[in-house]
Amino acid sequence: VQEAGEYNTKMHPMWQGPLVVPGGDRQSPIDIVVRKSVFDSELKPLLTNYDPRTCQQIWNNGYSFLVEYDDTADKSTLEGGPLQDKFRLCQFHFHWGESNAWGSEHTLDRRLFPAELHLVHWNSNKYSLFEEAVMEENGLAVIGVFLKVGKRHEGLQKLVDALPAIRHKGSVVEFTKFDPACLLPTNTDDYWTYHGSLTTPPLTESVTWIVMKQHIEVSHDQVCEVYEVKYFSHGCYQGF
Ligand SMILES: CC(C)NC[C@H](O)COc1ccc(S(N)(=O)=O)cc1
Ligand SMILES: [Zn+2]
């Protein structure tokens, strides 16, 4: 999948670190070949239990903007689906392109979407910190949701309105009472799941991916607001 322009892929000169993770045979993202996916009757429905009061802040890390949650207790959790343990939500973020032509990391039969949402959770039955779980097999569970440009997404607007405050890399602003469940598609029973890795450094193969079959829609205006967010600091372009 061509990821030109994405600043956090191996194709880009800003990429620091190994191009291939030693023994990397579970690297994400992947192309999901729908007709080759196999139905698994053992899979349970996904069970998300998010508490909006754990929402803390939104920040621009230079690659994307992240909404971070208080993960010091089992208050916003994910279980069920392919998972045997309880996982704690720590953050969600998006991957956008610079045009609607591309942006998603996973693809469906080679089809790119304008953007992809990742809700990142870590295994709180087995580990006590995200940083610990990120290095371990079965440490993380990430829900991927494809975005398409269409009707306005009411729930997303609160997030879009906060973006001007984090225009430049490194900026952080308080962001509270946001329920990430509003970003999930109406049907969360249909998903593809596979064992993969983080899609950006440290690329560790610790992720159970759960990619939703149903996408969500956001309006063109909402997408333009996202393109306004700059991923370099204070107006000067860095790097290559
Ligand atoms: C090494 C520690 C300190 N920092 C790691 C950093 O948070 C990276 O975390 C992540 C978390 C999620 C993803 S993705 N796109 O696969 O959902 C990628 C990197
Ligand atoms: Zn991601």
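The values are calculated or read from the model by the stated rules, or taken from the named source; none is laboratory data. It should be emphasised that the depicted structure is a prediction, and the values quoted were computed from it without experimental measurement. Cβ atoms come from the backbone with ideal geometry, glycine included; neighbour counts cover every protein chain shown.
Among the residues in the stretch 87-94, are any over 23 Å from Ser197 (Cβ atoms) and crowded, with 21+ Cβ neighbours inside 10 Å? Among the residues of the stretch 87-94, not one is over 23 Å from Ser197 (Cβ atoms) and crowded, with 21+ Cβ neighbours inside 10 Å, which makes the answer no. For the stretch 166-218, a tally of residues being of a type in the set (Asp, Glu) and within 16 Å of ligand 1 (Cβ to nearest atom) returns 1. Just one of (1) more than 20 Å from Asp221 (Cβ to Cβ); (2) more than 16 Å from ligand 1 (Cβ to nearest atom) fails for Leu156. It is (1). One residue alone among Lys169, Lys158, Lys177 is more than 16 Å from ligand 2 (Cβ to nearest atom), at pLDDT below 95, over 23 Å from Leu112 (Cβ atoms) and of a type outside the set (A, V, I, L, M, F, W, C), and that residue is Lys169. Screening the candidates Val145, Val120 for the property of being within 16 Å of the chain's Cα centre (by Cα) and free of Cβ contacts under 8 Å to residues at least 60 places away in the same chain yields one hit, Val120.
Note on the stretch 71-90: residues that are more than 30 Å from Phe39 (Cβ to Cβ) and within 16 Å of ligand 1 (Cβ to nearest atom) total 2.
Of all the numbered requirements in (1) within 16 Å of ligand 1 (Cβ to nearest atom); (2) not in a loop (DSSP other than H, G, I, E, B), Glu105 misses one, and that requirement is (2).
Residues that are farther than 15 Å from Val173 by Cα, small (Gly, Ala, Ser) and part of a loop (DSSP other than H, G, I, E, B) within the stretch 23-80 comprise Gly23, Gly24, Ser28, Ser37, Ser41, Ala73, Ser76, listed in sequence order.
Would you please name the residue that is surrounded by the most Cβ atoms within 10 Å (Cβ to Cβ), looking only at residues in the stretch 125-175 that are part of a loop (DSSP other than H, G, I, E, B) and touching a Pro at 6+ places or on another chain (Cβ under 8 Å)?
Selected residue: Val134.
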